Amino acid sequence: MSQELQKLSLFYDGACPLCQAEITFLSRRNNAGLLDFVDINSQFYDPHTTGVSCDQALASMYGQYANGELINGVSVFSEAYRRADLPFLAWVFSQKALQPLLQLGYGFFARNRHAISKIFGPGALWLVNRTNNRK
């Protein structure tokens, strides 16, 4: 993994089981310590400091580099997967030809995250936790 990567803070919805599963998965792979995770529903999230309101953070995925630069949309996933040493997923999410489809899919998910999570969240969390306990 490249040493020039800055630390990236991911802002996520801790009330969403699928979001929790993704963060648990990424935190388990955060061997280089290049990812931080901030639940936008916690006292640790300050919209004034980040410049991103809770409503904005719920509508689109946001991340912030250590230098303060914000990124949002599916590029956040590409950058997070790079830092978690998941090169194939980073490559998929960085493909320009896929960006419109990925943005559309994430937009749909963001608007419906709680309904989708009711169906898939418990299973995803169970799977991630079970895999985590094996290590």
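Points to keep in mind about this one:
- Subset of the range 73-92 (residues that are aromatic (Phe, Trp, Tyr) and within 18 Å of LEU58 (Cα to Cα)): PHE77
Conditions (1) assigned to a loop (DSSP other than H, G, I, E, B); (2) more than 12 Å from the chain's Cα centre (by Cα); (3) of a type outside the set (Ser, Thr, Tyr), marked per residue:
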position	(1), (2), (3)
GLY68	yes, yes, yes
ILE71	no, no, yes
VAL76	no, no, yes
GLU79	no, no, yes
LEU98	no, yes, yes
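- Neighbours by Cβ (under 7 Å, 6+ apart or cross-chain): first from the range 104-124, part of a helix (DSSP H, G or I) and surrounded by 12 or more Cβ atoms within 10 Å (Cβ to Cβ); second of a type in the set (Phe, Trp, Tyr) and modelled with pLDDT of 90 or more: ILE116/PHE109
- Sole exception among (1) part of a helix (DSSP H, G or I); (2) more than 26 Å from LEU127 (Cβ to Cβ); (3) in contact with a Phe, Trp or Tyr (Cβ under 9 Å, 6 or more places away or on another chain) for VAL92, by number: (2)
- Qualifying residue in the range 35-55 (condition: assigned to a helix (DSSP H, G or I), farther than 23 Å from ARG130 by Cα and in contact with a strand residue (DSSP E or B) (Cβ under 8 Å, 6 or more places away or on another chain)): yes
- Selection within the range 1-24 - more than 19 Å from GLY73 (Cα to Cα) and part of a helix (DSSP H, G or I): PRO17, THR24
The values are calculated or read from the model by the stated rules, or taken from the named source; none is laboratory data. Since the structure is predicted, the reported quantities are computational estimates derived from the model, not experimental observations. All Cβ positions, glycine included, derive from the backbone under ideal geometry; neighbour counts span all protein chains shown.
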